[in-house]
Amino acid sequence: MSRIGKKAVQIPSGVEANLNDNVLTIKGPKGTLDMTFVSEVEAKLEDGAVSVNPRGNGKRARSMWGMQRTMVSNLVEGVTEGFSKKLELNGVGYRAQMQGKNVNLQLGFSHDILYEVMDGVEVKCPSQTEIVISGIDKQKVGQVAAEIREYRKPEPYKGKGVKYEDEYIFRKEGKKK
């Protein structure tokens with residue numbers, strides 16, 4: 001049984017929620033997000049809270065129960081506060097800078113990488129070795145951060161590469177003489 005699914009998601013003041021059929025639309029100060037519930041769960045909007053319940057006792061219904069509730073919670077958090085991820089560039093000559101809406105990355109390749117940022121996500125480079133990604137959709141923010149990190153993952157010997165701010169890189173000892 002889902003323990004997180006049992007808890008209803010409270011809708012804070014200043015946020016509107018509408019439930020039509022299986023589509024939930026949340027409108028807040030930062031923007032509007034919507035999601036469609038899977039057929040295995042049912043959602044109810046009552047007393048300023050959204051509650052999610054499984055329609056049956058099948059394995060998929062129970063597994064979707066908690067996930068759908070967490071997705072509703074992410075929608076509410078996104079339109080009120082938003083999400084952000086911070087990336088750090090470690091390595092000699094590794095740098096990032098904005099070119100209009102795109103990010104120009106120099107990651108030790110023979111060429112620069114021009115990453116085009118998707119709509120709904122804002123990217124800033126406060127310094128040459130920092131990238132801050134923010135937006136209201138948690139999935140899009142995480143996707144952009146993962147795609148930028150994928151160009152040069154941190155390696156375990158010197159720690160060079162693009163890493164998340166709070167990521168720990170397991171370091172290995174180099175070869176011995």
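No lab work stands behind these numbers, since they all come straight from the coordinates. Quantities reported herein were computed from a predicted structural model and do not represent experimental measurements. When we count neighbours, we look across all protein chains shown, and the Cβ atoms used for this are built from the backbone with ideal geometry, even at glycine.
What the table below lists for this structure:
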| read-out | value |
| --- | --- |
| Normalised contact order of the range 48-177, rounded percent, pairs of Cα under 8 Å and 6 or more residues apart | 23 percent |
| Long-range tail of P(r) for the range 83-164 (Cα pairs > 19 Å, %) | 29 percent |
| Cα centroid separation, the range 1-35 to the range 118-148 (Å) | 24 Å |
| Test item: Cα-centred dipole of the chain, Lys/Arg +1 and Asp/Glu -1 on Cβ, debye | 1140 debye |
| Extreme residue, positive dipole direction of the chain, given options Ala8, Ala49, Gly66 (C-beta unit charges) | Gly66 |
| Per-residue [θ]222 nm for the chain (sum of -39500 (n - 2.57) over DSSP H runs n ≥ 4, rounded to 500) | -6500 deg cm²/dmol |
| Chymotrypsin sites (Phe, Trp or Tyr not before Pro) lying in DSSP loop within the range 81-177, provided at most 14 other Cβ fall within 10 Å | Phe109, Tyr151, Tyr157, Tyr168, Phe170 |
| Nearest-ten-degree value, helix 59-80 long axis tilted from longest Cα axis of the chain | 70 degrees |
| Partners for Lys158 among aspartates and glutamates (Cα-Cα distance below 13 Å; same-chain residues under 8 apart left out) | Glu173 |
| Listed residues Gln99, Tyr115, Ser127: farthest to the positive end of the dipole of the range 83-164 (Cβ charges) | Ser127 |
| Equivalent-ellipsoid semi-axes of the range 1-88, from the Cα gyration tensor, Å, largest first | 23, 16, 11 |
| Charge dipole (debye, nearest 20) of the range 1-73; +1 at Cβ of Lys and Arg, -1 at Cβ of Asp and Glu | 440 debye |
| Mean projected area (nm²) of the alpha-carbon convex hull when the chain is viewed from all directions | 14.2 nm² |
| Rounded to 10°, Cα long-axis angle of helix 138-150 versus longest principal axis of the chain | 20 degrees |
| Where GluC sites (Glu not before Pro) fall in DSSP loop in the range 142-177, at most 13 other Cβ within 10 Å | Glu165, Glu167, Glu173 |
| GluC sites (Glu not before Pro) within the range 46-120, DSSP loop, no more than 11 other Cβ atoms inside 10 Å | Glu116 |
